[in-house]
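Structure first, then comments.
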Amino acid sequence: MNNNLVFQATSVSSDNRAKTKGQKPFVLWLTGLSGAGKTTVANAIELALVARGMHTYMIDGDNVRMGLCRDLGFSDADREENIRRVAEVSRLFVDAGLIVITSFISPFERDRALARGTIGEDVFIEVYIDAPLTECERRDPKGLYGKARQGLIKKFTGIDSAYEAPLTPDIHLNTFENDVSTVVFQVMAYLNERGLA
């Protein structure tokens, strides 16, 4: 880090920004295998929150890799940097008073812990989107598992790169046994219980 940098405080606080939006900002961090339903669920959660008049922003893994993280590959180090950048952006959005929904495989526990530490323990909600690998492969919405099985994609999570499932997520959603409306209801019930929605 450059020692010549000084953090610039602003006159408008994060509390001021949240108050003008009439909400408590937080991050729903969706993690799970490719094909588990993260993006589908994230999109449905955002629709449900917006329907309640909440100010939101959804950050999707593929979209981020087309811009902010387009210089990164899929090595363990690049995955870590990808999550670090997303955590920093999410922290800024929370500071702006927004509710953030992220959709990232984020396969390693240490990286999710780093994200929680960066964003803040009190506003970080880990959501495990759980579906068996066999079901994710059956769905294979982007055809990635097929390519990984053929050796065309290396270091693919679930095939030749590990996925460390959360042991104690804040919310555990089973998208194999439940449809989208059911899991969104579960998320909204959790947020209501915490006074966040």
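Return a whole-number percent for the relative contact order of segment 10-113, with Cα pairs under 8 Å and 6 or more residues apart as the contact set. Numbers along the way, then the final one.
On the way: 132 pairs, mean separation 49.3, N = 104.
Dividing the mean separation by the residue count of segment 10-113 yields 47 percent.
Order the peptides 126-134, 149-157 from the highest to the lowest mean number of other Cβ atoms within 10 Å of their residues.
On the way: 126-134: 19.2, 149-157: 14.0.
Top of the packing list down: 126-134, 149-157.
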Sequence order, segment 67-84: Karplus ³J(HN,Hα) from phi using 6.51 cos²θ - 1.76 cosθ + 1.60, θ = phi - 60°, Hz rounded, Gly and Pro as x, gives x, 3, 10, 5, 7, 9, x, 10, 5, 4, 5, 5, 5, 4, 5, 4, 5, 4
Tally Lys and Arg at +1 and Asp and Glu at -1 over the other residues with C-beta under 13 Å from the C-beta of GLU137: what net charge comes out? +3
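Do any chymotrypsin sites (Phe, Trp or Tyr not before Pro) in segment 1-86 lie in a loop, going by DSSP, with at most 10 other beta-carbon atoms within 10 Å of their beta carbon, and if so which?
On the way: sites: PHE7, PHE26, TRP29, TYR57, PHE74; in loops: PHE7, PHE74.
Here the sparse-neighbourhood loop sites are PHE7.
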Ratio of segment 1-87's C-alpha Rg to 2.2 N^0.38 Å, to two decimals? 1.38
Efficiency of FRET between LYS19 and ASP170 - r from beta-carbon atoms, R0 35 angstrom, step 0.05: 0.90
Using all alpha carbons of the chain, what is the percent of pairwise distances in each 5 Å bin, ordered from the shortest bin to the longest? 1, 7, 15, 19, 20, 16, 10, 6, 3, 2, 0, 0
Tell me whether segment 1-52 comes out rounded, prolate or oblate; compute the Cα gyration tensor, take square roots of the eigenvalues as a ≥ b ≥ c, and use a/c under 1.5 as the rounded threshold. oblate
Using Cα pairs closer than 8 Å and at least 6 residues apart in sequence, work out the relative contact order for the chain, in percent. 31
Under 5 Å between amide H atoms, partner at least 5 residues away or on a different chain: which partners does ILE101 have, H built in plane at 1.01 Å? LEU28, TYR57, MET58, ILE59
Residue with peak Gaussian network fluctuation, the chain [Cα springs, cutoff 10 Å], from GLY158, GLY35, GLY97: GLY158
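How large, in percent, is the carbon and sulfur part of the accessible surface of segment 1-153 at a probe radius of 1.4 Å? Let's see the in-between values first.
Values: 4300 of 7970 Å².
After summing per-atom areas, the C and S share lands at 54 percent.
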Would you calculate, for the chain, the mean residue ellipticity at 222 nm contributed by helices, counting each DSSP H stretch of 4 or more residues as -39,500 (n - 2.57) and dividing by all residues, to the nearest 500? -13000 deg cm²/dmol
Contour excess over end-to-end distance, with Cα ends at LEU68 and ASP140 and 0.36 nm allotted per residue: 23.4 nm
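Calculate, for segment 55-197, the solvent-accessible area per residue in square angstrom, rolling a 1.4 angstrom probe over the heavy atoms of the protein chains. Please list the in-between numbers first.
Values: 7200 Å² over 143 residues.
On a per-residue basis, segment 55-197 sits at 50 Å².
For segment 41-148, how big is the tail of P(r) above 21 Å, as a whole percent of Cα pairs?
On the way: 2401 of 5778 pairs.
The proportion of pairs with Cα distances above 21 Å equals 42 percent.
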Rounded to whole Hz and in sequence order, give me ³J(HN,Hα) for segment 93-102 from the Karplus expression 6.51 cos²θ - 1.76 cosθ + 1.60, θ = phi - 60°, writing x for Gly and Pro. 5, 5, 4, 7, x, 8, 9, 10, 10, 9
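The values are calculated or read from the model by the stated rules, or taken from the named source; none is laboratory data. Since this is a predicted model, take the numbers as computed values, not measurements. Reconstructed Cβ throughout: ideal geometry from the backbone, glycine too, with neighbour counts over all protein chains shown. The protein model used for the area step is the full one, side chains on, heavy atoms only, and it has no ligands, DNA or RNA in it. Shrake-Rupley method; radii C 1.70, N 1.55, O 1.52, S 1.80 Å.
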